[in-house]
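Working notes, beginning with the structure itself.
What follows is calculated from the coordinates using simple rules that are stated; it is not laboratory data. Given the structure is predicted, the values throughout are model-derived calculations rather than measurements. Cβ: placed from backbone, ideal geometry, glycine included. Neighbour counts: every protein chain shown.
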Amino acid sequence: MKNKIFGILGVFVIPFFLFIFFSLVTPGFGLHSLPIIISQSMIPTMIGFGMCVMFLCGLMDFSVGCRVIFAGVAGAALAQYWGLVGFIIGCIGGSLVSALLVAYLYRYLKIPSMVVSLGFVLIGEALSYSGAELFGFTSLIHIPPSVSVWFAFPYNILWVTGAGIVFYLLLYHTKIGFHIIAVGEDELLAKNMGVIPQNVKTIAYLLSGVFIAIAAFLQTSYAGFLSVTLGGGTMAMVFKPIMGVMIGLTLIRLWNNSPVLIILGEICLTIIFNGLIAAGLPDVFQSIVLGLFLLTILGISGNTEKFRESIRRSHVRKMDPAGY
Amino acid sequence: MRFHMQNSLIGTSVIRRLNLKAIFPLLGLVFVVLFFGFGTKGLVFSKLSLQSMLNEAVYIFIGAIGYAFVLAQGNFDLSVGSVMGVACMTAAMATKINPYLALPVGIITGSIIGLINAFVIVKAGVMAFITTLAMSFMCTGLILIISNGAVVGAPLFMLKWYTVPLKLGVILTFGIAGFFAFERSYYGKISKAIGSSIEAVRQSGTNIVLFRILPFIILGTIAGLLGFISLIRTGTASSSTGSTLMLNVLNAALLGGIPFSGGTTSKFRSVIIGTLTITIMSTGMTILGTSTVNQQLIKGLVFLVTIALSFDRKNLKVIK
C-alpha cells in the first residue's frame, strides 16, 4: 500500500517538478502558460488513447494520423449541412469507418498490423483528399467557429477527461478490456482460454476509432482548420502521441493506470517544449529534444536490470577488489 | 481414369514446387509491364520514359538494396528518407568549402546516423521502429537547423556530374556488390539466419551484435550517398529532400517479395523486381494522366494486395 502511494505520488511529481523547474529557470514561463500547455497536450493525448488500445492488444498502427484527418474531413463535410450535430456524426462515422477498414484489411489479408497501417496511410490520405475536393474544400478544411468553440479550451479538457474515464473503465472494469490485454500479452494462451482474438482485435480497432473521433474534434477545432496532406505526411502526427504512450507505459510499474499516465506523459512533453522555447531555444529544436527524450527514457527503462547489475558488480569490486 | 488422376497429381506437385508465393512478385512485374505497355501504346518504354525511370530507379534500387539487409534480419527503418535529407543538406553546406567534399561529407553523415540507430537498437535494446521514427524526426529538425529553413544550393557545375553513365555505373556497382554481399557472403547468410531465428544463431556461437549493427550502417551510408546524388541531380537541398524515399524503398523491397519478417526466404532478386515494378508503375501512371491522388491510392492498394499474396505465414503462429 505504502509503495503504491509512493508510486502514485512519483508519477505526479515528474510533471510538477518539470513545471516548477522551467518556471524558475525561464522568465516567460509560469502559471499563465498552464492553459496553453494543457490545450496543446489534449490532441496527442486523445490520439495516444487510440494508439494505446492498439498497443495493449499487441497491434501497431501508423495510420492514426490519417484516420484523424479522414474523420475530420467527414465531420467538416457534414458540418456544412447540419452544423455541430453533423460535425460530431461525421467525425464519429468517418473514424469508425476508417477503423473498420483497417481492422478488416488486417483480419482478412492476414499481414502484420504495421504493414496494413502503412498501406492504409496511402489509401486513407488519397480518400481524404478526394473527399475534401468532393465537398468543395481545398487542402485546408475550415469549420465554422460556432462548431469549433465546443472543442476549444476549456471544453477540450472536459472531452479528454471524459474520454480518459471511459478508457479507464473500459480497460480495467470490463470483459472486453481484459480480453484486449490478454490478447496483447499472449494471443495463443488467450485463444486456448476461449477468447476469439480476431473479434477482440476488431473491437480494439473500433474502440481506438472512438478516441480518434474525439481527436478529430479537437484537431479540427484547435486552429479552426485541418490540413489534408499526401505522401505519408500524416505519419508525422503519430510521433508525439507515441512518445506520450511510451512514457506512460514505462511508468506503469509505478501506477497501473494508463489513461492518467498517458495524459501526464503528454503534459510532461508539452512542458519541456514550451519551457525550452521560453528559454530561447528555437522551435525547430523541438523535434530533436523530443527524439532524444524518448530514446533516453526508453533506453534507461529497458536497461534498468543491466544498470542494477553493473552497480551490484561495482559494489562487489569495492568490497573485495583482490578477489574479484 | 488412373492416368488422368496421376496427371492431375503431377500437375499439383509441379505447382507446389513452383511456389506461387515466390513467383507472384515476378507475375506482378509481368502484369505491370503488359498493362502499361499496352495501356500507353508502348510510350512507357520510349527513350524519354526510360530516362525518367532511370532517374527514379537510382534512388529506389540503391535504397532498396540497403533496406533488404535490414528487412532480412526482420528489422525496420523509418528514418532512411530523413537521413538522406540531412546528408544532402550537409553535403550542400560542404560545397561552400570545397565541392569535392560533398560526397565524403554526405556519406559520413549517413554512416554516423546509421551507427547511432544501430547502437540504440542493438545495444540499448530500444525497438527499431521507435528508434528510427525518433531519428527521423530528429533529422527533420536537424535539416531545419542546418539550413535555417532555407533552400541551400550547390555550385551549378556539379549538375554536370549527374550523367547517364554515372547512374548506370552506380546501379551496376551496387547491384553486383549487393548481390554478392546478400547471396554469396557469410554476412548475408548470417543476416538471413538472424531473421529466421536470432536465438539459433546466438546458440551457434556467432557474435550477432556486429551482424545486427551492420545493416543500419549500410543503410545509413547508402542514404548518405543518395543525399549526394540528389544534390548533384537537383542542385539544391531542402527540408523536403528524401521525403518520399522511405515509402518507395520499402514498397520496392516488399513488392519484390522480401518477407516482412525477414529470414532465409529473402532474395536479392526481390530488390530488382520491386524496383522495376514501382518505377514502371509510376511512369506508366504519369503517362496515362493519372492524378497524384489516384496514383497514391493505386500504390497503396497494390502494396497491400502484393504483400498479402506474397507474405510468408508458414512459420508464424501469430500475426501481430
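How much length is gained on full extension from B:Leu210 to B:Leu43, taking 0.36 nm per residue of separation minus their Cα-Cα distance?
55.4 nm
When the Cα centres of region A:230-261 and region B:124-162 are compared, how far apart do they sit, in Å?
When both Cα centres are located, 25 Å separates them.
Sum -39500 (n - 2.57) across every DSSP H segment of at least 4 residues in chain A, then divide by the residue count to get the 222 nm mean residue ellipticity, nearest 500.
Calculated from helices alone, the mean residue ellipticity at 222 nm is -26000 deg cm²/dmol.
Does the protein assembly as shown come out rounded, prolate or oblate, given a ≥ b ≥ c as the square roots of the eigenvalues of its C-alpha gyration tensor, rounded meaning a/c under 1.5 and, failing that, prolate meaning a/b above b/c?
It comes out rounded by the Cα gyration axes.
222 nm [θ] for chain B, helices only, -39500 (n - 2.57) per DSSP H run of 4+, per residue, to 500?
About -23500 deg cm²/dmol.
Kindly write out, for region A:209-220 in residue order, the coupling ³J(HN,Hα) from the Karplus curve 6.51 cos²θ - 1.76 cosθ + 1.60 (θ = phi - 60°), rounded to whole Hz, with x marking Gly and Pro.
For region A:209-220, the Karplus-derived couplings read x, 5, 5, 5, 4, 5, 4, 5, 3, 5, 4, 5 Hz, x marking Gly and Pro.
Of all the Cα-Cα pairs you can form in chain A, what percent are over 23 Å apart?
61
Have a look at B:Pro155, B:Pro165, B:Pro215 and tell me which one the Gaussian network model of chain B (Cα, springs below 10 Å) gives the largest fluctuation.
Per the Cα network of chain B with a 10 Å cutoff, B:Pro165 tops the list.
Compute the angle between helix B:128-147 and the longest alpha-carbon principal axis of chain B, please, reported from 0 to 90 degrees and rounded to the nearest 10.
30
What net charge do the residues around A:Phe307 carry, taking every other residue with its C-beta under 14 Å from that of A:Phe307, with Lys and Arg at +1 and Asp and Glu at -1?
+3
To the nearest 0.05, what FRET efficiency results for A:Val25 and A:Tyr168 with a Förster distance of 25 Å applied to their C-beta separation?
E(calc), rounded to 0.05, equals 0.15.
How big is the charge dipole of chain B about its Cα centre, in debye rounded to the nearest 20, if each Lys and Arg gets +1 on its Cβ and each Asp and Glu gets -1 on its Cβ?
800
Can you tell me, using C-alpha contacts under 8 Å and at least 6 residues apart, the relative contact order of region B:59-310 as a whole percent?
37
Name the shape class, rounded, prolate or oblate, that the alpha-carbon gyration tensor gives for chain B, where a ≥ b ≥ c are the square roots of its eigenvalues, rounded holds for a/c under 1.5, and otherwise prolate holds if a/b is larger than b/c and oblate otherwise.
Oblate shape, in that a/c is at least 1.5 and b/c is the bigger or equal ratio.
Given H placed 1.01 Å from N in the peptide plane, which residues other than close sequence neighbours of A:His142 have an amide H under 5 Å from its amide H?
For A:His142, whose amide H was placed from the backbone, the distant partners under 5 Å are A:Leu226.
State, as an integer percentage, the relative contact order of region B:197-318 based on alpha-carbon contacts under 8 Å between residues 6 or more apart.
19
At 7 Å along the Cα-to-beta-carbon direction for both A:Leu206 and A:Leu9, put a label point, then send me their distance in nm to one decimal.
For the pair A:Leu206/A:Leu9, the computed spacing is 4.4 nm.
Mind running the shape call on region A:1-115? Use the C-alpha gyration tensor, a ≥ b ≥ c as the square roots of the eigenvalues: rounded below 1.5 for a/c, prolate if a/b tops b/c, oblate otherwise.
Taking the square roots of the gyration eigenvalues as a ≥ b ≥ c, region A:1-115 is oblate.
Each residue of region B:39-56 in turn: what ³J(HN,Hα) in whole Hz from Karplus with 6.51, -1.76, 1.60 and θ = phi - 60°, glycine and Pro shown as x?
Working through the residues one at a time gives x, 9, 6, x, 4, 5, 10, 6, 4, 5, 5, 5, 5, 5, 5, 4, 4, 6 Hz.
Taking R0 as 56 Å, what FRET efficiency do you get between B:Leu50 and A:Glu309 from their Cβ-Cβ distance, rounded to the nearest 0.05?
0.40
In debye to the nearest 20, how big a dipole does chain A give about its Cα centre with +1 on each Lys and Arg Cβ and -1 on each Asp and Glu Cβ?
Computed charge dipole of chain A: roughly 880 debye.
Pick from B:Lys41, B:Lys267, B:Lys192 the residue whose mean-square fluctuation is largest in a GNM of chain B, springs joining Cα atoms under 10 Å.
Of the options given, B:Lys41 has the highest mean-square fluctuation.
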